[in-house]
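To start, the structure under review is shown below, and the notes come after it.
The values are calculated or read from the model by the stated rules, or taken from the named source; none is laboratory data. In this text, all values refer to a predicted model and were calculated from it rather than measured experimentally. Heads up, the Cβs are rebuilt from the backbone with ideal geometry, glycines too, and the neighbour counts pull from every protein chain shown.
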Amino acid sequence: MNPEIRALFPGAEEQVYLDISARALVPEPVRAAIADHLRTRMLRGGDKDAMRAVVEETRSSFAGLIGARPDEIAITKNVSEGLNLFGTSLPWEPGDNVVLCPALEHPNNIYLWHNLARLRGIEVRSVAPDGGHVPVDAMRAAMDRRTRLVTIPSVSFAPGFITDMKGIAAAARRVGAVTLVDAAQSIGALRTDVEELGIDALAVATQKCLLAEYGFGFLYVRRELADTLVPVHLARFGVALDAHETAYVDGELRYALGALRFDVGNYNYLGAAAAGAALELLESWGVGRVERFVRHLAADLADRLADLDLPVAGGRSGSHLAHIVCVGKSGGGRHYSADDPAMNSLHRHLKASGIRLAIRSGVLRFSVGVYNNEEDISRVVEAAREWRARRG
Ligand SMILES: Cc1ncc(COP(=O)(O)O)c(C=O)c1O
């Protein structure tokens, strides 16, 4: 991307920031939108209709970003809420099953299924990963006619490989199951067309590649499917009413169209202001361009770290790679340290060299954002080379 884009992110010059998979650096226009929102609230109290209009703009922009329609998008506060709203609203029967690959899922896309096992008597079918990938064949083999839902990450939070969403969704459809995608790690970084992928639902929040704040997110649900679902949580904005939001109209309960029925109560209007500004930036750059850029930098990083004989997950660059590069042996480990003492030592050295990265599932995780540049990649490679040389 060009230097003017990087200049919108003052944090990009403060450090080598390779941690968008935890949270992005916030760009200046997002800070300004938040400040404007607060200023209006502080000086004039704010106008609810105007604030709701901002929410609707974000709904439309987000729909545009994934090839959906606005009435297929619910507003949520985070990924988990989207996953839960959708998961709990399906018409489960005891003995139905959900198929997932828990080793590659964030815990927030695991707990709810075990909770549904307790609440509704469903079966949780766990499939083992294959070399850091969600294995299409094993996922397919785990499905049967009692499979109601298959859930996958679009890109795993570690080691960060791209899931074959199309292949898995096609297999799910064949047994009459729906596909739910945890897209926390990809929306805003990778082009996404829900129709082309053949998926039924998708959840994301805005603090990562959507470049905005915590506490705001989106849930996509395919319109024909959403219209058949009974939302487990219900409040004013999920009800089809032509009255003011504070009016209670007795009579037949009608849900709002499509995914709008999943909107619950007032919105995080501050989060919407931030997301609106970020979505405007992404629209102006084009996500296709962002994707080419971040994948190019990630591929370069993977190849150059592999050249240093570091254990890059998945090896050299390839079609599996998105904007995340992991180093180390995946699987074990905790959040703040790797199992391998050498990786902990490398992590300490990189941190001391001004590089911001993460440890997830026992591996070092570098995640590239639109604000990074070739120089950032070179600084990581140089620091890693220095570490190697010191260790002899
Ligand atoms: C794949 C994935 N899902 C979910 C989350 C977080 O979920 P939530 O927004 O509900 O906190 C993260 C990261 O924080 C993630 O990487």
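I162 - would you say it is away from the ligand (no atom under 12 Å from the Cβ), in contact (Cβ under 8 Å) with a residue 60 or more places away in the chain and not polar (S, T, N, Q)?
yes
Considering region 24-65 alone, what residues qualify as being charged (D, E, K, R) and surrounded by 19 or more Cβ atoms within 10 Å (Cβ to Cβ)?
If the condition is that a residue be charged (D, E, K, R) and surrounded by 19 or more Cβ atoms within 10 Å (Cβ to Cβ), then R59 is the only one that fits.
Would you mention how many residues in region 212-225 are more than 15 Å from the ligand (Cβ to nearest atom) and in a loop (DSSP other than H, G, I, E, B)?
1
Return a yes/no flag: does region 126-139 have any residue that is assigned by TED's automatic domain parsing to the domain that holds L234, under 29 Å from H233 (Cα atoms) and within 16 Å of the ligand (Cβ to nearest atom).
no
Condition check ((1) assigned by TED's automatic domain parsing to the domain that holds A274; (2) out of contact with any Asp or Glu (no Cβ under 7 Å at 6 or more places or on another chain); (3) under 27 Å from V155 (Cβ atoms); (4) modelled with pLDDT of 95 or more) across all residues:
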site	(1), (2), (3), (4)
R23	no, yes, yes, yes
A32	yes, yes, no, yes
D36	yes, yes, no, yes
R44	yes, yes, no, yes
R52	yes, yes, no, yes
E57	yes, yes, yes, yes
F62	yes, yes, yes, yes
